[in-house]
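One structure is given below, encoded as structure tokens.
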Amino acid sequence: FSSSRKNMNAGDEKNQLHNQQIMSLRCSRAYLRFETCSVAQKRFLQNLVTLRKSRPTVTLPENFHVGSLYNTGDPSSLNPVPYPLALVDASIVPLEAHLLLERTKAHGVAPKKSASLSTFFNPYSKRSDALDGQPTLVAEGEERTILIRFNNRLAVNLDVPCCELEFSANVNDSIEAPPLSFTIPAKSEGFTVRFPFTLVQVREGTFCTSENEETNSSMEPFELLGLRVTTFDRCFFLALAVNGKENRQIPTLIPPSASIYQRSSHDRAIKVKQSAVKIESVPPQPKLLVSFENSHTPLEDSAIVPVHISDGEIFSIPSFRLENDHGSSGEGKLVQLQIISVGLPGVPDEIIFDTHGFQVEDEDSDASSDDFEELMDEDGLPPLRMKANCDDVSLEGINDKNKNGCIATFQMAAAHDLGKQLESKKSNIRLRFRYRGVSNDEATLIWRRREVKLHVVRVKGPRISSMTFRPDLSWGSAVYELSKSLAQQIEKSDKRKSDETQISTNFSGDEIVVLMAVANECKSTIILSNKVGRVGGFEGSPMPTVRVTSGVSVKIPVVIQRIPLTDDAGEEVDVAQELITRTALQWVSERGEGIDAGIRTGRVRIPQRCLKRLIDDHASFISKVCQVPVSVTIEVKDKDVNQTIVTRPGKFLEVNLSFRFQDWVPSEAISKCSLIVEFCCARKEVGGSVIRQVEAKDDAYFWCGQIRQVIKADELKEHGKTGIFHRAKLTFIQRETFVVSACARLIGREGMNREEIWWAPRAYQVRVMGKE
């Protein structure tokens, strides 16, 4: 029997040798086609599976080479048959942006582990290598996914009834990774399979929740070793090639040439390096849910909140509801919450709210609100600023499962020149909710973030279209009639006056009247107001608020105090900014339609650039708004200026005039001008609406004494600040209504073609009635 077996083996070896010699010849070729071989291989595998099921075999260990069916990849393996399944690479599927975990160091807390070696700088290390070695943070109780790509070496579909992840030996009990079954198409490359896994919470009470607590233990990062694959009733292990082992080479599109410049490297094969899949476990983390106040549906990452804002408006962003999803374990507790404004033009990322007390809190909440409203009064500031109103937001309210969370509101203030700045800077404005849960170590903080995008669109709103000065302080002061009568007197007395002289008419009172035209370009009616409680109007007819309908422009008389040239510290005052502050108005809209459906609020003011241009172009502007340099008063003996004087024709009234310069006026300025004091009287109809033209020969009143007096230079220099007085008498002939006042004319010397007329702040009204 043994001799016959030896003969058979010798015959088989001789036949195999002949077959190899024949197949090595160039004139020979395979008789069977590829399709026939594929069908035969498929039938063979089916028969082999049937045989394995009927006669199961024991899977041999990988290090047992003799009799092993597949090659394990070891060069010393005696079996040249590779695995039918090849593992290409593996990676952890990244989470959504609001679920990513970020590790930071706590300020002022040193880590327990020695970091002496980590401070050593290695100039030969690559940054990419350092990043590849960093583990992925995974919270306990949360499901993650590992993406693995396979190659099928067979020409038929490969059924894998069981494939399971294998991690480090010390953490296999802490990970739940269910096995999967799948089918890989024939000759496929890069077939993708997603393997879910979950970290089991095994460290109850060992993590750190505050700076005073200490952790008892911490888990080291673990690594994915490979896959345990079962197919063809065989179980084998596919190891993950890491750190340059078994790296693939992807050829370039253009094949390399036979002759090529040696120093060129563009045609070299690209090596794809497989990095290790490392995972680090952290305690259960919270998940912040952000929704609108009237809805419990959380906002998605792609949600955009529109912000329609106009120049100077304070826009109230819709309120958000903040809730905590504690996760499957129910222990994801929120420890700290920060709200950050991101992407505002010209402003770095700013923390506008922090539960740990980083928010600037004022003792007077009303004062802080006023500061926010006045934040955009000056030009040159950032065009947009944000403020958080989170008085009701607390960690207890967010973490409480029995409540509906906390409500947070936000406001955005726009500059008065928002249009140009917003169009030139396309900013990605966002509200970032940055929060953290518990951590393993007090020196380590684990953060998450959720962002809400804000799409800012500039719309039309109220604006001040024009501004004019009215010299008188009441509608019945008859300044037009007095100016006309004074012009006639000057024409009679001074015929040599040059037409090129610039004349400025002012009142010497402490208050001025500014007529502001406010145009409402909103789609809803607005109500104007200010902090003083009086928008405009004259004495006796104040206007606390003004209601302006949509598309209408109104002129509002605003009475303000004159602006001093210097402040209490002796520094020069910015006249333009001070005038803007005193004339600024607040507006509140009524409920409208479309983008103006809600109640809008804001501030409207004079454009600073336009106002500064007016001051530079017109020299008389300063004298109209600033503190008066002179004091001119008129007094009718035994009469009150606030009451109408009733007299008879032919009866005389004694009129007194006093003039003096203010103490702050320098003597050099006084010496450069000449002074003329002058009385003036004009007639008007009752009510002041119709003025009757009177002929020159139709005299209605007479002055007894000099109506004008030219003050000499020596007298002006000596008595200019102490006081200059003048007196005259006035009698009336016709029964009419008259106004009586006095003025001081300051005329510049040394070729200065400029004249300022300063009227007394109030004029007397005289009504002539009865018989002579």
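The values are calculated or read from the model by the stated rules, or taken from the named source; none is laboratory data. Here the structure is a predicted model, which is why all the values come from computation and not from measurement. Here the Cβ is made from the backbone with ideal geometry for all residues, glycine too, and neighbour counts use every protein chain on show. Accessible surface areas use protein heavy atoms only, side chains included; no ligands, DNA or RNA. Shrake-Rupley method; radii C 1.70, N 1.55, O 1.52, S 1.80 Å.
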5 angstrom amide H check on Ser168, placed H, neighbours 5+ away: Glu223, Leu225
In the structure shown, of Lys624/Lys684; Lys637/Lys721; Lys624/Lys721; Lys42/Lys187; Lys484/Lys624, the pairs separated by more than 18 angstrom at the C-alpha atoms are Lys624/Lys684; Lys637/Lys721; Lys624/Lys721; Lys484/Lys624
Given Lys612/Lys639; Lys403/Lys460; Lys105/Lys387, which pairs have Cα atoms separated by over 32 Å? Lys612/Lys639; Lys403/Lys460
Rounded to the nearest 10 Å², the 1.4 Å probe accessible area of Arg749 is 80
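Let me check something: with ligands and nucleic acids excluded, how do Asp638, Asp568 order by accessible area (1.4 Å probe), largest to smallest?
Asp568, Asp638
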With every protein chain left in place and a probe of 1.4 Å, what is the accessible surface of Thr297, to the nearest 10 Å²? 90
Under 5 Å between amide hydrogens, which residues at least 5 positions from Ser310 or on another chain qualify, with H placed 1.01 Å from N in the peptide plane? Val459
Give me the accessible area of Thr644, 1.4 Å probe, in Å² rounded to the nearest 10. 60
Just flag the GluC sites (Glu not before Pro) in the range 567-632 sitting in loop per DSSP whose Cβ has no more than 16 other Cβ atoms within 10 Å. Glu571, Glu590, Glu593
For the range 318-338 and the range 607-671, what is the separation of their C-alpha centers, rounded to whole Å? 67
Using a probe radius of 1.4 Å on heavy atoms only, what accessible surface per residue do you get for the range 560-681? Whole Å² is fine. 51
Would you rank Ser550, Ser188 by solvent-accessible area, highest first, keeping every protein chain in place and using a 1.4 Å probe? Ser550, Ser188
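R0 = 35 Å: FRET efficiency of Val109 with Glu293, Cβ-based, nearest 0.05?
The computed FRET efficiency comes out at 0.40.
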